[in-house]
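Visitor: Before anything else, here's the structure in question.
The values are calculated or read from the model by the stated rules, or taken from the named source; none is laboratory data. Note that the structure is a prediction, hence the values are computed from the model and not measured. Cβ coordinates were reconstructed from backbone atoms using ideal geometry, including for glycine residues, and neighbour counts include every protein chain displayed.
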Amino acid sequence: MSGSAAPRRRALVVTASNRAAAGVYADTGGPLIAEGLAGLGFAVDGPRVVPDGDPVEAALRDAVAASYDVVVTTGGTGLTPTDRTPEATRRVLDREIPGIAEAIRAEGLAKVPTAALSRGLAGVAGTTLVVNLPGSTGGVRDGLKVLGRLLEHAVDQIHGGDHRRPAESTQPADPADPADPADPAGSAGSPR
């Protein structure tokens, strides 16, 4: 072992907004995401501000080709005619991870009912995790809260890491819990 630290994971932030790309107003969500990802230990590029639609797909494809570990987008997930980030993302993804997007919406629903209107996706393209967050700063904060609990493990898995095993617990195993590691018969209910 050389004693050198593992290379930092790389992340890119992409802001999808016609108005921010045109300079009508400043991007506020992208910098929040960049700060949040940096706080999680990522080397962050961006935010890269692009218009809605096809430019989002191009930015995602460029990021996958550049081997970013994570790409987080903000904006374009709502219901207006120009909100096309999920469609652009879907064209790039190899596999969707619906649970991440569902968790982000659930986090927002605890605060505002309109969080249910976000159509954001999450998934894997090559070895890159792609996550769509809403354009609102509240939606970005909710998304970062969820991602803070998931990103390290998700990126490890995408890069071929083994599933982590829970540390030995002082609590007795629950034989009725299908995800309980002490219950081998319940392993069929585990997402492994």
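Visitor: Do the conditions hold for ALA167, that is, is it of a type outside the set (Lys, Arg) and either modelled with pLDDT under 95 or in contact with a Pro (Cβ under 8 Å, 6 or more places away or on another chain) (or both)?
Guide: yes
Visitor: Looking only at residues that are part of a strand (DSSP E or B) and hydrophobic (A, V, I, L, M, F, W, C) in region 93-145, which one is surrounded by the fewest Cβ atoms within 10 Å (Cβ to Cβ)?
Guide: Here the answer is VAL124.
Visitor: Right, here's the next one. Looking only at helices (runs of 4 or more DSSP H) that lie completely in region 1-81, which have at least 3 residues being closer than 17 Å to LEU121 by Cβ and β-branched (Val, Ile, Thr)?
Guide: none
Visitor: Within the set of pairs 6+ apart or on separate chains, which have a first residue in region 34-61 that is not assigned by TED's automatic domain parsing to the domain that holds ALA88, a second that is of a type outside the set (Val, Ile, Thr), and C-beta atoms under 6 Å apart?
Guide: Close Cβ pairs satisfying both conditions: none exist.
Visitor: Could you tell me whether region 78-89 includes any residue that is at pLDDT below 95 and either farther than 25 Å from ALA116 by Cα or within 15 Å of the chain's Cα centre (by Cα) (or both)?
Guide: no
Visitor: Condition check: in contact (Cβ under 8 Å) with a residue 60 or more places away in the chain, farther than 24 Å from VAL49 by Cα and more than 9 Å from the chain's Cα centre (by Cα). Does GLU152 satisfy that?
Guide: So GLU152 passes the test.
Visitor: The conditions are (1) of a type in the set (Ser, Thr, Tyr); (2) at pLDDT 95 or above; (3) out of contact with any Gly (no Cβ under 7 Å at 6 or more places or on another chain), and THR137 fails exactly one of them. Which is it?
Guide: (3)
Visitor: Turning to a different aspect of this structure: Evaluate the following for SER67: is it modelled with pLDDT of 95 or more, surrounded by fewer than 24 Cβ atoms within 10 Å (Cβ to Cβ), under 13 Å from LEU12 (Cβ atoms) and among the hydroxyl-bearing types (Ser, Thr, Tyr)?
Guide: Spelling it out, SER67 is indeed modelled with pLDDT of 95 or more, surrounded by fewer than 24 Cβ atoms within 10 Å (Cβ to Cβ), under 13 Å from LEU12 (Cβ atoms) and among the hydroxyl-bearing types (Ser, Thr, Tyr).
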